[in-house]
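Taken together, the values in this text are just the output of simple stated rules run on the coordinates, not laboratory data. Because the structure is predicted, anything quoted here is derived from the model rather than measured. Heads up, the Cβs are rebuilt from the backbone with ideal geometry, glycines too, and the neighbour counts pull from every protein chain shown.
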Amino acid sequence: MLIKKHQYLAFILPAVFFILLIIVIPFLIGIYYSFTDSNGLRSSFIGWKNFEVLFQDSTFLQSFWLTVKFSFVSVILINLVGLVFALIVTRHNNRLTKSLRTIFFMPNLIGGILLGFIWQFIFTSAFQAIAAAFHLDFFKGWLSNSSTGFWGIVILFVWQMSGYIMLIYISFLNAIPKNTIQAAVLDGAKATQIFFFIKLPQLAPAFTISLFLTLASSFKLYEQNLALTNGGPYRSTEMISMYIYNTAFVNFQQGYAQAAGIILFLCVTIVSFIQLALSRKREG
Amino acid sequence: MKKSTKILLGFLFGIIALFWFYPFIIVIINALKGKRGIFQNPLWFTRDFTFSNFKTAYQALDFTSSFFNSLAITVASVIVITLVSAAAAYALSRVKGPFSSILYYLCAGTMLIPFQSIMIPLLSLFGKVNFLNRTSLVIMNTGLSVSLSIILFYGAFQGVSKTLDEAAALDGAYPFKTFVYIIFPAVSPMTGTVVILNAMKIWNDYLLPSLVVNKDGMYTIPLKMYSFFGETNSQWQLALAGLVLSVVPIIILFLLLQKQVMTSVTEGAIK
């Protein structure tokens, strides 16, 4: 053993300290909080009451289902667009595909708040102008009702995430040996056959990674939601993260909000374990 | 493939790319207009052309101060994260034992916890001892980022042969010296990845800073943009000029480090 015990501790203790202080301890306190009626100042233990009330709270249930619906739609769209982008930019390796890569990825550099403002301008001002110029009612009044608000967040999120997911698909597409594809071409395989019988099976692990990355990030979405619709109109586009934030820091029902936070944690954990099980199964 | 299909496909891809890029263009175009020009036609340039929005927005955003706040918080956090997680990952990769596996699983486990599930107790913990400022923000950023960074570094250190450690030890170097001068420099591509991933995340973060440093003199760019946006209600030309100012530094940095950024992002996702 080259590293002695006290040296080993010196290497790892700072990390242990940060993880315990910032994540583990707050998490444990949080579990306790979720069984109290804390308002930030006083708190007393009330058992499972928060959870019982939560499951009858129509605002919570609505935001929860909205989050599920949002995650479902955006996961499909992001992966579809990301995969198509990856296929486009891996066709050749020239200046055009390189600049396409850059352009597709660029939205991912911008933070959620700024993205929300950019799209708020597009959905309100630019869409209004399109509606007026071409007499298209479709472009009228975006973000002013719950359904255009919902699709607005979806569009924003697809714009932000597709380039990111594209990179994952690219790295798996590039790992496919060139001569496999060349052999298929020599055998007379069509482009569609190459896609479905060679590329698609090789992409299976990329699908698992991308699906769960997008799922986790859409479940936790907050800033885009805040800057684009701020949950409006009438809390109809408020997703679960924003629900937790507003309940805790606007209404000061911290124990109650923490119970919702625990439910969010359980959802993310269940999803992650399903992913782990799936990828183990394939490898095993 | 026929030449005509090829041209058609190229044309199609061009249209898609243009469409994807258009939101950036629209922001820049309208940042260069007065209120009237935006009202007339937000889709393209109008006669109404001015640079003055940038000056107004720069002052209203207190841009120098918010920029340096963002920069200081990001740089400090990234340095602490990199050092703390590289050191821990090195020890994990060299010493096998129950303690190492516990820490490894602790990292993997804490990565599952969404920030929203711990933010309330975290805030009340730091609020109780009245420790909500830029320093505590750096500490929180570190705690929230070390898990993933340790796992990334761990993979890289495993790829560095232990004979290097042994050779250094024979030459009389202490583990600390071996780490700093030999092993850590050997994983510099991974260091780049860890730095870029964390820098992007922390620079753009809004939720945590809004809870910790939401006060005068401590505003970061996203925080200031949010409050500025509320104040400039319906003055899009100023809001958009502010957006351009906030986004330009990131885009320039990205264009300079493009390849490295894309590799880092991919690695961070796949590992």
On the basis of being without any contact (Cβ under 8 Å) to a residue 12 or more places away in the chain and surrounded by fewer than 20 Cβ atoms within 10 Å (Cβ to Cβ), does residue B:259 make the cut?
yes
What single numbered condition from (1) in contact (Cβ under 8 Å) with a residue 12 or more places away in the chain; (2) buried (at least 18 other Cβ atoms within 10 Å of the Cβ); (3) more than 23 Å from residue A:30 (Cβ to Cβ) fails to hold for residue B:65?
(2)
Is it true that residue A:105 is at the interface with chain B (Cβ under 7 Å from one of its Cβ atoms), more than 30 Å from residue A:143 (Cα to Cα), surrounded by 21 or more Cβ atoms within 10 Å (Cβ to Cβ) and in contact with a Phe, Trp or Tyr (Cβ under 8 Å, 6 or more places away or on another chain)?
no
(1) touching a residue at least 12 places away in the same chain (Cβ under 8 Å); (2) more than 14 Å from residue A:114 (Cβ to Cβ); (3) not in a loop (DSSP other than H, G, I, E, B): which one isn't true of residue B:217, the others all being true?
(3)
I need every pair where a residue in the range A:246-258 that is facing chain B (nearest Cβ under 8 Å) and part of a helix (DSSP H, G or I) has its Cβ under 9 Å from the Cβ of a residue that is surrounded by fewer than 19 Cβ atoms within 10 Å (Cβ to Cβ) and of a type in the set (Gly, Ala, Ser), sequence separation at least 6 or different chains.
A:248/A:40; A:249/A:40; A:254/A:40; A:254/A:43
Condition test on residue A:63, is it touching a helix residue (DSSP H, G or I) at 6+ places or on another chain (Cβ under 6 Å), more than 30 Å from residue B:129 (Cβ to Cβ) and small (Gly, Ala, Ser)?
yes
Is it true that residue A:19 is part of a helix (DSSP H, G or I), among the aliphatic types (A, V, I, L, M), at the interface with chain B (Cβ under 8 Å from one of its Cβ atoms) and over 22 Å from residue A:228 (Cβ atoms)?
yes
Which ones in the range B:25-57 are in a helix (DSSP H, G or I) and either without any contact (Cβ under 8 Å) to a residue 12 or more places away in the chain or within 21 Å of residue B:213 (Cβ to Cβ) (or both)?
B:25, B:39, B:40, B:52, B:55
If I ask for residues that are over 16 Å from residue B:160 (Cβ atoms) and without any contact (Cβ under 8 Å) to a residue 24 or more places away in the chain, which ones from the range B:77-92 would you list?
B:79, B:83
